[in-house]
Amino acid sequence: MLVRASEGRPVKARGRQRHLTAYLYLLPALMVVAGITYFAVFYNAYISTLDWNGVTPDPENIGLGNYVAIAQDPIFWRSLGNIAVFGVITVAVQMIFGLLLAVVLSGPVFGRGVYKALVFIPVVLAPAAISTAFRQFLKPDGQVNAVLEGLGLGFLQQSWIADPNVALYALAGINIFQWTGFSFLLYQAALSQIDVNSLEAAQIDGAGTLRTLWHVVVPQLRPTHVTLILTGVIGSLKTFDIVFLVTGGGPGRATEFMSTYIYKMSVVQFHVGYGAALSVVLLVLAILMTLVQMQVYKLNKEV
């Protein structure tokens, strides 16, 4: 027994050494995450308590003053409303189109490889390129109105990005064009994991294509639905590039998002403390939305 005990010590020591080696490999990544991400978050929270332009060496500490101002800021509430409308439209439409495309292209469609590539190409394109192209397409004298005129649908012509009543929906259309391919990709992967026996059983019971899709396929794709809703909501909260490059938040704040508002307050108007407070609010909203959606998913899974 003594020999075995003495022989066991080096084994345990080697095990501890392996664990220590593994942690050493993780140390650089942990240093980057803790030193950049978390430090930046806490430092930003500290700045949010200041009345500071980002330049002067003696900022004034005003406590929660910036947060009180945010609660009374109509532009902040307008930006939240814009995000809500944008998020509901883009997430819902992308999920519907992505699922329909995945179902159609999962069958024996001629040239489906080409169609899959065409659907997914916008996902890998730079947002700056897409935004620049659509800014040209959607001008009053742009290609969209020209095509409508050529088709005899001139009554549908709009000042797509200059009309406050239409601009937000135009941005939603651009986002749908770019990210539907992502929904399609996830749904296609999920469809390949569906139990074929359940589909055959539905057909034997006389269920048609639409009924099978709604009652058999859609429920089995619940994890994919949750993933797309979660990523879509967070993506809507942090959307910046398309809005900034196409409309700049205008006209008349009609497409102002929290991200563009933060940029304007911090960089353009030098209200760094107020912009930092807006950033904290945005972070808290993203965390809360994530927690709510994950809790809803857990409840549905238990049921």
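Bear in mind that the values in this text are calculations on the coordinates, not laboratory data. Since the structure is predicted, the reported quantities are computational estimates derived from the model, not experimental observations. No Cβ is skipped: glycine too gets one built from the backbone with ideal geometry, and neighbour counts run over all protein chains shown.
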**OP:** In square nanometres and to one decimal, what's the mean projected area of the convex hull around the Cα atoms of the stretch 33-101?
**Re:** 7.8 nm²
Subject >> Built amide H within the under 5 Å cut-off of L50, gap 5+ >> reply: I62
**OP:** Would you calculate the separation in nanometres between label points at H215 and L288, each defined as 7 Å from the Cα along the Cα-to-beta-carbon direction?
**Re:** 4.0 nm
Subject >> Whole-angstrom gap from the stretch 235-303 to the stretch 13-72, using each part's C-alpha centre >> reply: 19 Å
**OP:** Compare the peptides 95-107, 247-259, 114-126 by average per-residue count of other Cβ atoms within 10 angstrom and give them in order, highest first.
**Re:** 247-259, 95-107, 114-126
Original post:
According to the square roots a ≥ b ≥ c of the eigenvalues of the Cα gyration tensor, what is the shape class of the chain, taking rounded for a/c under 1.5, prolate for a/b larger than b/c otherwise, and oblate for the remainder?
Top reply: oblate
Subject >> Lysine-lysine proximity count for the chain, Cα under 30 Å, sequence distance 8 or more or distinct chains >> reply: 7
**OP:** Could you go through the stretch 180-195 in sequence order and give the Karplus-derived ³J(HN,Hα) for each residue, using 6.51 cos²θ - 1.76 cosθ + 1.60 with θ = phi - 60°, rounded to whole Hz, and x for Gly and Pro?
**Re:** 4, x, 5, 4, 4, 5, 5, 5, 5, 5, 5, 5, 5, 9, 6, 5
Original post:
Arranged from highest to lowest average of other beta-carbon atoms within 10 Å per residue, in what order do the peptides 260-266, 274-280 appear?
Top reply: 274-280, 260-266
**OP:** Could you pull the Cα extents of the stretch 56-169 along its three principal axes, largest to smallest, in whole Å?
**Re:** 67, 36, 27
Subject >> Theoretical ellipticity at 222 nm over the chain - DSSP helices of four or more residues, -39500 (n - 2.57) apiece, nearest 500 >> reply: -22500 deg cm²/dmol
**OP:** Can you give me the three principal axis dimensions of the stretch 211-303 from its C-alpha atoms, in Å, biggest first?
**Re:** 54, 26, 17
Original post:
Sorted by packing (mean other beta-carbon atoms within 10 Å per residue), highest first, where do 184-191, 48-55, 18-25 land?
Top reply: 184-191, 48-55, 18-25
Original post:
Among W77, W179, W214, whose mean-square fluctuation peaks in a Gaussian network model of the chain (Cα, cutoff 10 Å)?
Top reply: W214
Original post:
For the stretch 178-225, what is the Kirkwood hydrodynamic radius in Å, using each pair of distinct C-alpha atoms?
Top reply: 11.4 Å
Original post:
If contacts are Cα pairs under 8 angstrom and at least 6 residues apart, what is the relative contact order of the chain in percent?
Top reply: 28 percent
Subject >> Expected-Rg normalisation [2.2 N^0.38 Å, Cα atoms] applied to the stretch 263-302 >> reply: 1.76
